[in-house]
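Working notes, beginning with the structure itself.
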Amino acid sequence: LGPEPFDKTYNLSYFKGYIKGKNQMIKNLLMDQKFVSGLGNIYANEILYLSKIKPQKRIKKLKEAEIKKIIKFTKKVLKKAIILGGSSIKNFANSQGKKGTFQSNFKVYGRKGYKCYSSYCSGVVKKIVLGNRSSFFCPICQK
């Protein structure tokens, strides 16, 4: 398994070294537990939205500033999700039986056909399938 997102080894140097010579899509990389541990589909979608990077972008085309955004928003999204008890979709509950509330903060996940969350954007959230997982993104905000 790769480092956990809050581990100090999950940094720019690690990220750049890991992707060197690879050509996969960024969404698939974020879902790869060998790259970073514990990121699931929901969080990968939200991280990429906040980073303004489309899920199908090839990692060899990432700029250093984009990598920094991904690292920053990985930590930010997960911190907020932890505070809110995770995402309760269907029947998820924590060990005390409480449901999480992070799902009320989704910007793109599960929002196909809805207006982009950004008030400055006229885009509509689209859904595609990458690596057998649903990917949600704004075609205007995410490049």
Is there any pair with a first residue in the range 32-54 that is closer than 11 Å to Leu1 by Cα and open to solvent by 40 Å² or more (accessible area, probe 1.4 Å) and a second that is not aromatic (Phe, Trp, Tyr) and not in a helix (DSSP H, G or I) whose Cβ atoms are under 7 Å apart and which are 6 or more apart or on different chains, and what are they?
-> Gln33/Leu1; Gln33/Gly2; Lys34/Leu1; Lys34/Gly2; Gly38/Glu4; Gly38/Pro5
So which residues in the range 131-143 are among the hydrophobic types (A, V, I, L, M, F, W, C) and open to solvent by 20 Å² or more (accessible area, probe 1.4 Å), if there are any at all?
-> Ile140, Cys141
If you take the residues of the range 113-141 that are aliphatic (A, V, I, L, M) and assigned to a loop (DSSP other than H, G, I, E, B), which of them is farthest from Gln33 (Cα to Cα)?
-> Ile140
When you go through (1) out of contact with any Lys or Arg (no Cβ under 9 Å at 6 or more places or on another chain); (2) assigned to a loop (DSSP other than H, G, I, E, B) one by one for Gly17, which number turns out not to apply?
-> (2)
Looking at (1) more than 18 Å from Phe136 (Cα to Cα); (2) at pLDDT below 95; (3) open to solvent by less than 40 Å² (accessible area, probe 1.4 Å); (4) under 12 Å from the mean Cα position of the chain (by Cα), which is the only condition Gly100 fails?
-> (4)
State all residues of the range 4-23 that are within 16 Å of the chain's Cα centre (by Cα), surrounded by fewer than 17 Cβ atoms within 10 Å (Cβ to Cβ) and without any contact (Cβ under 8 Å) to a residue 60 or more places away in the chain; if no residue qualifies, say none.
-> Glu4
Could you tell me which numbered condition Tyr117 fails, if it satisfies all but one of (1) surrounded by fewer than 17 Cβ atoms within 10 Å (Cβ to Cβ); (2) modelled with pLDDT under 95; (3) farther than 25 Å from Gly21 by Cα?
-> (1)
Would the range 25-35 turn up any residue that is under 18 Å from Tyr109 (Cβ atoms), within 10 Å of the chain's Cα centre (by Cα) and in a loop (DSSP other than H, G, I, E, B)?
-> no
List every residue pair whose Cβ atoms lie under 8 Å apart, where the two residues are 6 or more positions apart in sequence or sit on different chains, the first residue falls within the range 57-81 and is part of a helix (DSSP H, G or I), and the second residue, located anywhere, is hydrophobic (A, V, I, L, M, F, W, C) and surrounded by fewer than 18 Cβ atoms within 10 Å (Cβ to Cβ).
-> Ile59/Met25; Glu64/Leu12; Ile67/Leu12; Lys68/Leu12; Ile71/Leu12; Lys75/Phe6; Leu78/Phe6
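The values are calculated or read from the model by the stated rules, or taken from the named source; none is laboratory data. The shown structure was predicted, so the numbers you read here are calculated from the model rather than taken from an experiment. Counting neighbours? That spans all protein chains shown, and the Cβs are built from the backbone with ideal geometry, glycine included. Areas reflect the complete protein model, heavy atoms only, side chains present, ligands, DNA and RNA absent. Shrake-Rupley method; radii C 1.70, N 1.55, O 1.52, S 1.80 Å.
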